[in-house]
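This report concerns only the one structure given below.
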2 protein chains.
Amino acid sequence: MKNEDEPKDKRLKPADAQKLTMAEVAKYVGVSAMTVSRAFRQDASVSEETRKRIMEAVDALGYVLDLSAGSLSSRRSGFIAALVPSINNSNFSDTARGMTDALENTGLQLLLGYTDYSAEKEEELIEAMLRRRPEGIILTGGSHTARARRMLVKAGIPVVETWELPEDPINQVVGFSNSEAMSLLVRTLAGQGYRKFGYIGGTTARDTRGSQRRSGFQKTVEELGLGPGRMISFGVPPITMEQGGQAIVSLLERWPDTEVVLCVSDLSAFGAIMECTRRGMKVPRDIAIAGFGDYEISSICHPRMTTINVDCYGIGRQAAARLLDTLHTGEATGDEITLIGYKVVLRESTDRNGAPTA
Amino acid sequence: MKNEDEPKDKRLKPADAQKLTMAEVAKYVGVSAMTVSRAFRQDASVSEETRKRIMEAVDALGYVLDLSAGSLSSRRSGFIAALVPSINNSNFSDTARGMTDALENTGLQLLLGYTDYSAEKEEELIEAMLRRRPEGIILTGGSHTARARRMLVKAGIPVVETWELPEDPINQVVGFSNSEAMSLLVRTLAGQGYRKFGYIGGTTARDTRGSQRRSGFQKTVEELGLGPGRMISFGVPPITMEQGGQAIVSLLERWPDTEVVLCVSDLSAFGAIMECTRRGMKVPRDIAIAGFGDYEISSICHPRMTTINVDCYGIGRQAAARLLDTLHTGEATGDEITLIGYKVVLRESTDRNGAPTA
DNA sequence: CGTCAGGATGATATCGATAACAATTTCAGG
DNA sequence: CCTGAAATTGTTATCGATATCATCCTGACG
């Protein structure tokens, strides 16, 4: 081999004056790189004195740890991947917050990806995430492309599916039955005397939770002997507020005697309520409307909206907690299903007295 | 080669049968690892035939590229970090979408972090992101802790600050003046004859965009000779819908003759409108209300809301585009400021005729 | 005074890909 | 057929940290 006399370095990076490495910090302090590495971890054995000197040097030099190198050698990437359908949905953001909170002080970071309610996009994201070797992955829903599923299984990391109860879970599940939740809402309202039920949802099975809610609605209405529900499908999920408004107009044109309309989410329900109000109809006097999700808007809007409250934060928190369990025990104690609670929240928009609080 | 009978390893990874590397794929196909590596990139020169065979093997074996190894050696992490205050805010999610779109087909992935409107949280996130060596970073706002700023400068990667016009930019800026935008709204409404202005915002400077809007309001009201504005500060940013409702009650108790109330965001404005409606006041007949941001809710709610529309998507798209420019030219062509458009959207909630469309 | 446990630190191999350059093959054109 | 440029493929060193094991040191205790 060559000695390091002559060929110092011929290729010089452009304007890259600050390729500071651990070795340089080490030299600066007068210790080995290994000791610097140890100083960055709280479990490692380094004397307090040395650590202090190292950290001062780190500060002085402005050194920032390079995890991409570290994770290669330690085989721990230090992050958990989480895929949610939408960034702009307070239900999912509550879930994300739950995950972040549960991961606090674990040394694990959460990296979020957005699937836009698309299984293809989800597959792409799963691959992109797996390439960075996450230590675990949390998914929304239980429907994935075949290839996505294969990759997930092969990856050999804990997988948690959330927000649903998949028939054939990959690993762990933290969720609830969207179908039963919607069913509960139908039964509750039927118990209040409502008989003619309408439903507003999306057109495709793309939003699997939406489909489940719809089928829960349909099944229950029939079980109660209230005939087939009046369904309006409108647009590609997620349905917007505006589409909710358009949908209720169609629905009432077609079935003017509808008494109560359930919506796949609070957002479309809000659009429906506003549109009715705009057209001079009183909610709930002329038409009762309920949503799903208990978004902030539901308790603020006028009239306040009946909906299903789901423990979104709990989903995230539990999902991350189950993931951590699996990571710590080294092996899942069996692929469990963690059920998450939900409850009907009755508010003005379905009040039988028809008189919203003044 | 070795059988399972011989427990060669003392430390046994749990169920870790699949530590598939590029070298194994290469062996399987009968080429070198380098060729496999090339096959994964579209620019590299590999014969179509070889690439096909390699990709079939990748598929058959279920190999997933390991970027943590690749980025160490190539010194390219393949991602851009973006920090936003909140994931549950459609303005910022539009911005994020703009960034994602602009990065499409660039081989760069977007990693989002959310700061919760806290500079300390932002600092932590910046450090966490920098440890993974992003190729660029996009921030929301121009206020950062001193240490965060130091780290950013030292990192030697392009930095884009968005949504504001910082006095002392780190590098590039894509934003607008929140102060002037609010000022424009005040002038527009004053032009319609409004004289007694109220304002609802948060209590602290934590939300810098909020503070700028407030000062724009205050300054302009005084410039127009309309006396000091009637300000109600309520809660820690971001203000919720509910706080908007509470705030307007306080404001009207204190200054019952207020004609129009501007809010730091559409969300608080919405809460205010609903609360007024609930109390039997007509908007805008009894009180006019305007927001900021043009969220979906503003065009749906009843009455529809006057607000400022900002090109949120454009902010994201431009920010990413400027970042890519800098990456490609190798050096910024000067740290530019890219101005983003905004406009006043007049709707029913400030209609001087006072008669919301039936 | 010797021994040994255990903390602190260092030396070296290594994680899995890619950069850089070398070697080989292909093929057009003289 | 030969030559050289371009296309394809291989070899080796390396990216920057950490796992692992070796070494050194301190002090308690017989």
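Check segment B:257-264 and report whether any residue there is within 18 Å of B:T307 (Cα to Cα), open to solvent by 20 Å² or more (accessible area, probe 1.4 Å) and out of contact with any Pro (no Cβ under 7 Å at 6 or more places or on another chain).
The answer is yes, given that some residue of segment B:257-264 is within 18 Å of B:T307 (Cα to Cα), open to solvent by 20 Å² or more (accessible area, probe 1.4 Å) and out of contact with any Pro (no Cβ under 7 Å at 6 or more places or on another chain).
Within segment B:126-157, count every residue that is touching a helix residue (DSSP H, G or I) at 6+ places or on another chain (Cβ under 6 Å), touching a residue at least 60 places away in the same chain (Cβ under 8 Å) and open to solvent by less than 30 Å² (accessible area, probe 1.4 Å).
Of the residues in segment B:126-157, 3 are touching a helix residue (DSSP H, G or I) at 6+ places or on another chain (Cβ under 6 Å), touching a residue at least 60 places away in the same chain (Cβ under 8 Å) and open to solvent by less than 30 Å² (accessible area, probe 1.4 Å).
Do you know which residues across segment A:98-121 are under 20 Å from A:S265 (Cβ atoms) and touching a helix residue (DSSP H, G or I) at 6+ places or on another chain (Cβ under 6 Å)?
Across segment A:98-121, the qualifying residues are A:G98, A:T115.
Would you check if A:R279 is within 11 Å of chain B (Cβ to nearest Cβ), surrounded by fewer than 24 Cβ atoms within 10 Å (Cβ to Cβ) and either under 16 Å from A:N309 (Cα atoms) or out of contact with any strand residue (DSSP E or B) (no Cβ under 8 Å at 6 or more places or on another chain) (or both)?
So A:R279 passes the test.
If a residue has to be away from DNA strand C (no atom under 13 Å from the Cβ) and at positive phi to count, how many in segment B:29-66 make the cut?
1
Could you look through segment B:32-47, keep only residues that are among the charged types (D, E, K, R) and more than 7 Å from DNA strand D (Cβ to nearest atom), and pick out the one that is nearest to B:L108 (Cα to Cα)?
B:R41
Exactly one condition in (1) more than 28 Å from the chain's Cα centre (by Cα); (2) open to solvent by 10 Å² or more (accessible area, probe 1.4 Å) is not met by B:L251; state its number.
Status for B:L251: all satisfied but (2).
What pairs can you find where one residue is in segment B:39-58 and without any contact (Cβ under 8 Å) to a residue 24 or more places away in the chain, the other is assigned to a loop (DSSP other than H, G, I, E, B), and their Cβ atoms are less than 7 Å apart, with a gap of 6+ or different chains?
The qualifying pairs are B:A39/B:V46; B:T50/B:V31.
Sort out which residues of segment A:34-84 are more than 9 Å from chain B (Cβ to nearest Cβ), surrounded by 18 or more Cβ atoms within 10 Å (Cβ to Cβ) and among the polar types (S, T, N, Q), and write them in order of number.
A:T35, A:S37 - these are the residues of segment A:34-84 that are more than 9 Å from chain B (Cβ to nearest Cβ), surrounded by 18 or more Cβ atoms within 10 Å (Cβ to Cβ) and among the polar types (S, T, N, Q).
Given (1) under 30 Å from A:I137 (Cα atoms); (2) open to solvent by 30 Å² or more (accessible area, probe 1.4 Å), where does A:G191 come up short, assuming only one miss?
Going through (1) under 30 Å from A:I137 (Cα atoms); (2) open to solvent by 30 Å² or more (accessible area, probe 1.4 Å) one by one, A:G191 breaks only (1).
Taking the conditions exactly as written (touching a helix residue (DSSP H, G or I) at 6+ places or on another chain (Cβ under 8 Å), crowded, with 23+ Cβ neighbours inside 10 Å and either without any contact (Cβ under 8 Å) to a residue 40 or more places away in the chain or outside the structural domain of B:T162 (by TED's automatic domain parsing) (or both)), does B:I87 satisfy them or not?
Taking the combined requirement at face value, the residue satisfies it.
State whether the residues of segment B:303-312 include one that is of a type in the set (D, E), open to solvent by 10 Å² or more (accessible area, probe 1.4 Å) and without any contact (Cβ under 8 Å) to a residue 24 or more places away in the chain.
No, there is no match, as no residue in segment B:303-312 is of a type in the set (D, E), open to solvent by 10 Å² or more (accessible area, probe 1.4 Å) and without any contact (Cβ under 8 Å) to a residue 24 or more places away in the chain.
Looking at B:A332, B:A358, which is the one that is open to solvent by 70 Å² or more (accessible area, probe 1.4 Å), at pLDDT below 95 and farther than 20 Å from B:E259 by Cα?
B:A358
Can you report the number of residues in segment A:104-121 which are over 17 Å from B:T100 (Cβ atoms) and either in contact with an Asp or Glu (Cβ under 8 Å, 6 or more places away or on another chain) or part of a loop (DSSP other than H, G, I, E, B) (or both)?
Selection size over segment A:104-121: 5.
Considering only residues that are open to solvent by 10 Å² or more (accessible area, probe 1.4 Å) and either on the phi > 0 side of the Ramachandran plot or not acidic (D, E) (or both), which ones fall in segment A:92-102?
Result: A:F92, A:R97, A:T100, A:A102.
Tell me the residue from A:R214, A:R206 that is closer than 19 Å to A:G142 by Cβ and buried (at least 24 other Cβ atoms within 10 Å of the Cβ), please.
Every option except A:R214 fails the conditions.
To keep it simple, each residue is scored yes or no on (1) at the interface with chain A (Cβ under 9 Å from one of its Cβ atoms); (2) within 27 Å of the chain's Cα centre (by Cα); (3) in contact (Cβ under 8 Å) with a residue 24 or more places away in the chain.
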{"position": "B:M241", "(1), (2), (3)": "yes, yes, yes"}
{"position": "B:P256", "(1), (2), (3)": "no, no, no"}
{"position": "B:V260", "(1), (2), (3)": "no, no, yes"}
{"position": "B:V264", "(1), (2), (3)": "no, yes, yes"}
{"position": "B:G271", "(1), (2), (3)": "yes, yes, yes"}
{"position": "B:V283", "(1), (2), (3)": "no, no, yes"}
{"position": "B:A288", "(1), (2), (3)": "no, no, yes"}
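Go through B:S118, B:S93, B:S177, B:S77 for me and flag whichever is touching a Ser or Thr at 6+ places or on another chain (Cβ under 7 Å) and among the hydroxyl-bearing types (S, T, Y).
One residue alone meets the criteria, B:S77.
Criterion first (in contact (Cβ under 8 Å) with a residue 24 or more places away in the chain and open to solvent by 50 Å² or more (accessible area, probe 1.4 Å)) does A:V236 satisfy it?
For A:V236, the condition - in contact (Cβ under 8 Å) with a residue 24 or more places away in the chain and open to solvent by 50 Å² or more (accessible area, probe 1.4 Å) - is met.
The values are calculated or read from the model by the stated rules, or taken from the named source; none is laboratory data. Predicted, not measured: the structure shown is a model, and the values here were computed from it. As a convention, Cβ positions derive from the backbone with ideal geometry for all residues, glycine included, and neighbour counts pool all protein chains shown. Each accessible area value is taken on the protein alone, full model and side chains, heavy atoms only, with ligands, DNA and RNA left out. Shrake-Rupley method; radii C 1.70, N 1.55, O 1.52, S 1.80 Å.
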